[in-house]
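Reading through the C-alpha cells given below for one structure.
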Amino acid sequence: MAMNIHNEFLQESRFLGHIYWVTVSQDSSIQKLQNGIAENVGLDLSCVNDEIKRAAKLFQALKRMNTFVLILDDVWNNFDVKKVGIPLGNDGGKMIITSRSLEVCRRVGCQKNVKVNPLSKVEAWDLFTEKLGHGNNNEVQVIPIEIEKIAMKVAERCAGLPLGIITMAGCMKGVNDIFEWKDALQELEESSMMQDDMKNEVFPILHCSYTRLRDPRLQKCFLYCCLYPEDFEIPRVELVNKFIMEGYINARNSRQAQIDQGHAILNKLENVCLLESTEDVDENKCVKMHDLIREMAIKITGHPHHDRFMVKAGMQLRKIPELREWSEDLGKVSLMHNCIDQISPCELYKCLELTTLLLQENRLLHAIPYSFFMFKPCLRVLDLSYTNIEKLPDSLSTLENLNALLLKGCGELNFVPSLSKLKVLSELELTGTGIKQVPVGIPNLVKLKCLTMSGLKKLRSSEPPIDMFGSLSHLQRLMTPFSIRAMDLERMKQLEEFGGKMFSLSDFNKFVANRECYGQPIFFRVTLNGLTSDCVGDLYEYPVIFSSKEVILKDYCLKGGNVVQPLREQSEAVINFPRDMQRLEVSWCDFISSDNSFLSALPSLINLTDVKIVKIVSSDGIECILRLPSNCQELIVPEGLGSLLKRLENLELYNLKDIVNLIDIQPNTEASFTALSHGSFSNLKKLRIEHCCQIKVMFPQWLWKNLHNLEHVVVSYCEGIEEIISENEEEEVDQEASSQYLSSPSSLFASTDVILPKLRVVHLTELPALKSISKGRMTCVSLEEIGLCGCPKLERLPFFHPLRDGEPLFIPHALRSIYVSRELWESLEWDYPHAKSMLRQNFIHDRLPQTCATS
C-alpha cells in the first residue's frame, strides 16, 4: 500500500517529484537512517561523522525543497525525528512509516495510525487459490473436490497473513496428491506448536514451507542466503559461485553444468516463494529474502542438527563480536558489510567446526592478527574481499582444508604467505589486490579450478614465475595479467573461462586453432598486445561468472587482414579471429587500407556471424567504418558487409582523430546502397562516440530509419558535430515502416517525424558546434532520460510535441529526468507554447548524471 501511495504521489505536481522511499529494516540506527535519506536526496554525508552536524545538513537539504514526502518502510525501532534531521510541519514535508509495532508509531509521533488487518477468510482463500493456480504456462489449476477441503484448512492455518499464504501456496503449487496435502496440514499444525522462539504467528507457516523442501541441498542453499544483510539484493551469479565453493552443487563434468544446477536451485526457491526475484541498480539478476523469512532462517540455524550460524551482516559493527559469542560449534559466521576496523590479537577465537567465514566489505579492516586463523581446522571458505588488509598472517598457511580464498578488491594487500600447504584449495581470487609478486606455492595447488588474478597494478614483473601454469591442469577458470603461451593453455583440458594476454600473434593463432579442434575454453577475453613492454597485461576486473567471447588488439598496425609486427618492420602475418567471437576491441592501432575504412583493414570480420560489439579506441587512419566506392557492385561479399552492420548491437568510438562519418557512400553506388540502407545498424542498441572531432553529422537522413532498436546514444567532446540527425526536406518518411516500429496507427505521425520507438537515454556532452538534434519532430515513446551539457548553440528539443495538430503536448510516459544547465534551458525554443513550464515542473535537474557530466 505504501508503494502504491509512493507511485501516486510521483504523479502529483504539488510535490515536484520530491517523493523518497527509504527501507529502514531491523538493524537500523540514526546514522544508517541519515545515510539512506541523504542518498535519496543526493546529499553526500560520507565526510561528516558528527551526528548533530549530519542532521543539520540533512535538515537544510530537505527544507530547501519546501514540500516533500518521505516514506520510511519497515521501521522496527522508534527514533527522534529531530535527531535524524527531518523537517516536518505545515510548511515542510510529510512522513509516512510502515511498522509491525503500534508502539513504534506512537513513540515516533505519528498523527494518524492505520492498522492493516489480516485478510478475511474469503480474501485469504482467494489469494491462496490465486497463488496456487498458476502453473508453468500460467494455466489455472483446478483443485480437485477431495483436496479442496484440506486446502481450505491449510489456508485458514495461515491466519489471514499474506506472506504466510503466498509462501504456503507456493510450496504446494502443482501438488495434486491428497496424501501430500494431508501431510502438509499435519506439518503446519505441528509447526504451530514449536518452542517459544518461534512463537511469531507467521513463523510456523514459513517453517513448514522450509520443511517441505525435503531436499537437504535445497535447504542448505536456502539457509545460506540468510548470511547476507537484511533487504540485500544478492546477485545470483555470486550465490551460485558460493554454492559451488561450499560443496552444495553436485560434482559435474564441467563448471558450466554446476552453474546451471545452481541457477536451477535458485529457481526452485523462487517458485516456492522463499526467495524473491529482483534486479540491482546495474540490472543484474538478483534474489532477495523477505526479512521475516530471513529471521526464520536464522532461527532455524540455531536449532539442533543444523550448522550454527552467527549472522551479524550489515549491522554497522565497529568491532568484532565478543569472544563469548564465538562458540566452538559455530558452522558459519557472516560479518560482511560492516565497519569493523580491528580484531583483537589477544583473543583466541576457537571455532573447531567453522567452515565459512565471511568478512567482505569491511573497508576499515586493515590487519588480521596471527592468532585469528588458529583453531579453525575445518575452514573451507574465507572471504576477505574489499577490505583494507595490508598483510595476511603466516597462520593462513595452517588452514589445510581451505577450499576458497577470496581477496578481490583488497587494494592495500601487498603480501600473501605461502600457499603450498593448501593442497585442496580450489578457488583463489586475487583480482585488484596490491600484491607485488605472485604468492609462493601456486604451482603446488594441483586441485585449483579457479585462479583469478587480473588487475594487479603493482606487480613488479611482467613474467610469471617459472612453471607457474605447468601443474595447473585442472583449471576451469583462469584470469591472469601475464602473457601466456598456447602450449600452457593446451595442457588445461578442462579450461572453460580464460582471460589474459597471449605471448605472441603466433600463440594467438594457435589458441584460435585449438579452440576450433577442442572447443575449449568456451568463454574468453584474449588480449593481443603488440608492445611487449606492457608489463602487467590487461587490467580488467572479470565478473564472478564470465560468459563472453572477446578479443582485444592493442598497438598493432592493421593492413588488409594482416598484422604488421610493430617490433619487426615490414614483417606481416595473418590474424585469425575465433569464428564465434562476439566482441572486438581495437586500441592504439594504425590502420592501413585502400579506402581508409575500418572494415577494409579487417575484412575477415565480414565472415564472422556472432560479432555484436565493436569498440575502437585511439586508432589512426580510420575515416569511416565502411566506405562504398563507385565500383561497389564488384565487391566480393557485399551481402557480408550488410550482414555485419545489421548484426551489430553496440558500437563505441573513442578518440579517432580521422573519422568523418560512420558510413561513407560514394557516387554511383545505388545498386548496393539499396540493400545496405535497409539493414545497416538495424539491431544497433547502444552508440557511444567521444573525442571524434571531425564528424559533423551523426546519422544521414537515410540511416535513421534503420535505428528502430536504438536504446542509448552518448556523444561527448566532439567539437565538429553540428547535427545528430540530418534530414533531406524533400525525402518523405516511409509510412509503412513507421507503422511497424510503433503499435500506434501511422496516421498519428507527420511525414517528417523521426521515429525511434526504443530510445531510452540520450546524453550529449561538450558539443560546442551542435545546432540541431533533429530539424523535424522526434517521436520516442520509450524515452527515460535526457542529459545536455556544453551545447551552447542547441536551439530546440525535438522530443516534445503534439501527436496531432491541436492535441496536448506529447510527453513519453517513461520519462524520468532531463538534466540540463539553467542557461541552456532558458535559451531553448519550443514548438508548443506551454512545453517549458510543463517539463520544468517534474523533470528538470541542474545536476547532471555522472555518465553525462564526465567523459
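Here, each number is a calculation from the coordinates, and none is a lab measurement. Because the structure is a prediction, the values reported are computed rather than measured. In this analysis, Cβ positions are derived from the backbone assuming ideal geometry, glycine residues included, and neighbour counts consider all displayed protein chains.
Would the range 22-95 count as rounded, prolate or oblate if I go by the C-alpha gyration tensor, calling it rounded below 1.5 in a/c and otherwise prolate when a/b exceeds b/c, oblate otherwise? Walk me through the intermediate numbers first.
On the way: a/c = 1.59, a/b = 1.11, b/c = 1.43.
Note, shape of the range 22-95 comes out oblate.
With 15 Å as the cut-off, how large is the P(r) tail for the range 453-522, expressed as percent of Cα-Cα pairs?
Working: 1264 of 2415 pairs.
That tail contains 52 percent of the Cα-Cα pairs.
For the range 232-326, just the Cα set please: Rg and Dmax, both in angstrom.
According to the Cα coordinates of the range 232-326, Rg and Dmax are 15.5, 44 Å.
If I compute Cα extents along the principal axes in Å from the structure I just sent, which labelled value in [x] 103, 80, 52; [y] 86, 76, 64; [z] 105, 76, 51 lines up?
Looking at Cα extents along the principal axes in Å for this model, the match is [y].
Is it possible to state the helix-based mean residue ellipticity at 222 nm for the chain, with each DSSP H run of 4+ residues giving -39500 (n - 2.57), the sum divided by total residues, to the nearest 500 deg cm²/dmol? What is it? Please list the in-between numbers first.
Working: 23 runs with 221 residues, N = 855.
The helix contribution divided over the chain gives -7500 deg cm²/dmol.
Let me check against my output: what whole-number percent is the relative contact order of the range 346-485, with C-alpha pairs under 8 Å and at least 6 apart? If you can, show how the numbers build up before the last one.
Working: 359 pairs, mean separation 23.4, N = 140.
Answer for the range 346-485 is 17 percent.
Please compute the contact order of the range 214-303 in relative form: average sequence separation of alpha-carbon pairs under 8 Å and at least six residues apart, divided by the residue count, as a percent.
Details: 93 pairs, mean separation 33.5, N = 90.
Computed over the range 214-303, the figure is 37 percent.
Given points 7 Å out from each Cα along the Cα-Cβ axis, report the Ala2 to Arg840 separation in nanometres with one decimal.
3.5
When a footprinting reagent is the concern and you count Cβ atoms within 10 Å, what order do His306, His18 take, fewest first?
Values: His306 14, His18 18.
Ordered by Cβ neighbours within 10 Å, fewest first: His306, His18.
As a footprinting exposure proxy, order Met502, Met3, Met374, Met95 by other Cβ within 10 Å, with the fewest listed first. Mind dumping the intermediate values first?
Values: Met502 23, Met3 11, Met374 15, Met95 19.
Lowest count first: Met3, Met374, Met95, Met502.
When the Cα atoms of the range 307-402 are enclosed in a convex hull and the volume is divided per residue, what value in Å³ results?
On the way: hull volume 7.6 nm³, N = 96.
Convex hull volume per residue, Cα atoms: 80 Å³.
Among Leu10, Leu364, Leu645, which residue has its Cα positioned farthest towards the positive end of the charge dipole of the chain, with +1 placed on the Cβ of Lys and Arg, -1 on the Cβ of Asp and Glu, and the dipole taken about the Cα centre?
Leu364
For each of Phe59, Phe469, Phe810, count neighbouring Cβ atoms within 10 Å of the residue's Cβ, then give the residues from fewest to most.
Phe59, Phe810, Phe469
Grab the beta carbon distance between Lys112 and Val41, set R0 = 22 Å, and tell me the FRET efficiency rounded to 0.05.
Details: r = 25 Å, r/R0 = 1.12.
So the FRET efficiency works out to roughly 0.35.
For the pair Lys285/Lys646, report the inter-label distance in nm, with labels modelled 7 Å from Cα in the Cβ direction.
Distance between label points: 2.9 nm.
Set the Förster radius R0 to 22 Å, insert the Cβ-Cβ distance between Lys436 and Gln494 as r into 1/(1 + (r/R0)^6), and round the FRET efficiency to 0.05. Spell out each step's value before the answer.
Details: r = 30 Å, r/R0 = 1.38.
Computed FRET efficiency for Lys436 and Gln494 comes out at 0.15.
Under 8 Å for C-alpha pairs, at least 6 residues apart: give me the relative contact order for the chain, rounded to a whole percent.
Details: 1863 pairs, mean separation 36.1, N = 855.
Dividing the mean separation by the residue count of the chain yields 4 percent.
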